[in-house]
Amino acid sequence: MKVAVIGRTEILYELINELLFMGHKVTCIITAKEAPEYTKKRNDFKDLAFKHGIPFSDSTPILKNYSLIENSESDIAVSINYPGIIPKSIIELFKFGILNAHGGDLPKYRGNSCQAWAILNGE
């Protein structure tokens with residue numbers, strides 16, 4: 001399957017490696033500035049993309065990457081912790097849409113600390 005990868009965090013970085021290991025084609029990697037506590041930085045994603053010949057971008061907002069995504073001809077995208085809302089025009093570029101992993105109850109708990117707020121609120 002042809003998979004676009006959108007977002008940040010170590011989990012996403014490891015997912016890219018796993019997708020490649022399983023024989024999927026990662027068609028593009030789109031990331032953004034990381035939070036200070038992240039162990040994987042933009043340059044880690046850039047180096048991984050370069051190593052495997054994968055088109056890479058760290059431009060935000062995601063609409064700046066419209067052509068890159070369109071040209072990737074991806075079947076699906078996986079998004080984890082991208083710092084913006086992905087508009088419908090981007091979602092529609094993927095045959096099977098976007099699988100978005102988010103640790104909080106959206107839209108109530110959005111952002112990087114969503115699990116912490118749920119715990120603090122007794123949920």
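The values are calculated or read from the model by the stated rules, or taken from the named source; none is laboratory data. Owing to the predicted nature of the structure, the values given are computational and were not obtained by experimental measurement. Note that each Cβ is placed from the backbone with ideal geometry, even for glycine, and that neighbours are counted across all protein chains shown. In case anyone asks, the SASA skips ligands and DNA or RNA and just uses the protein heavy atoms, side chains included. Shrake-Rupley method; radii C 1.70, N 1.55, O 1.52, S 1.80 Å.
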TODO: Using the structure shown, list the pairs from LYS2/LYS95; LYS40/LYS108; LYS40/LYS64; LYS25/LYS46; LYS2/LYS41; LYS25/LYS95 with a Cα-Cα distance above 21 Å, or answer none.
DONE: LYS40/LYS108; LYS40/LYS64; LYS2/LYS41
- [ ] Answer with one residue from LEU106, ALA118, ILE29: the one whose Cα lies farthest towards the positive end of the charge dipole of the stretch 20-123, charges on Cβ with Lys, Arg +1 and Asp, Glu -1.
- [x] ILE29
- [ ] Take the solvent-accessible surface of the protein heavy atoms, probe 1.4 Å, and return the percent of it on the chain that carbon and sulfur atoms account for.
- [x] 55
TODO: Using the heavy atoms of the protein chains and a 1.4 angstrom probe, tell me the accessible area per residue for the chain in square angstrom.
DONE: 61
Task: Whole-Hz ³J(HN,Hα) from phi, Karplus 6.51 cos²θ - 1.76 cosθ + 1.60, for the stretch 21-28, glycine and proline x - done: 4, 7, x, 6, 9, 7, 8, 6
Open item on the list: Cα atoms only: what Rg and Dmax, in Å, come out for the chain?
Closed with: 14.4, 46
- [ ] For n ≥ 4 DSSP H runs only, could you compute -39500 (n - 2.57) per run for the chain, divide by its residues and tell me the 222 nm figure to the nearest 500?
- [x] -9000 deg cm²/dmol
Task: Per-residue ³J(HN,Hα) for the stretch 37-53, Karplus 6.51 cos²θ - 1.76 cosθ + 1.60, θ = phi - 60°, Hz, x for Gly and Pro - done: 7, 5, 8, 9, 10, 3, 5, 5, 5, 4, 5, 5, 4, 4, 4, 9, x
TODO: Could you size up the charge dipole of the chain around its Cα centre, putting +1 on the beta carbon of Lys and Arg and -1 on that of Asp and Glu, and report it in debye to the nearest 20?
DONE: 260
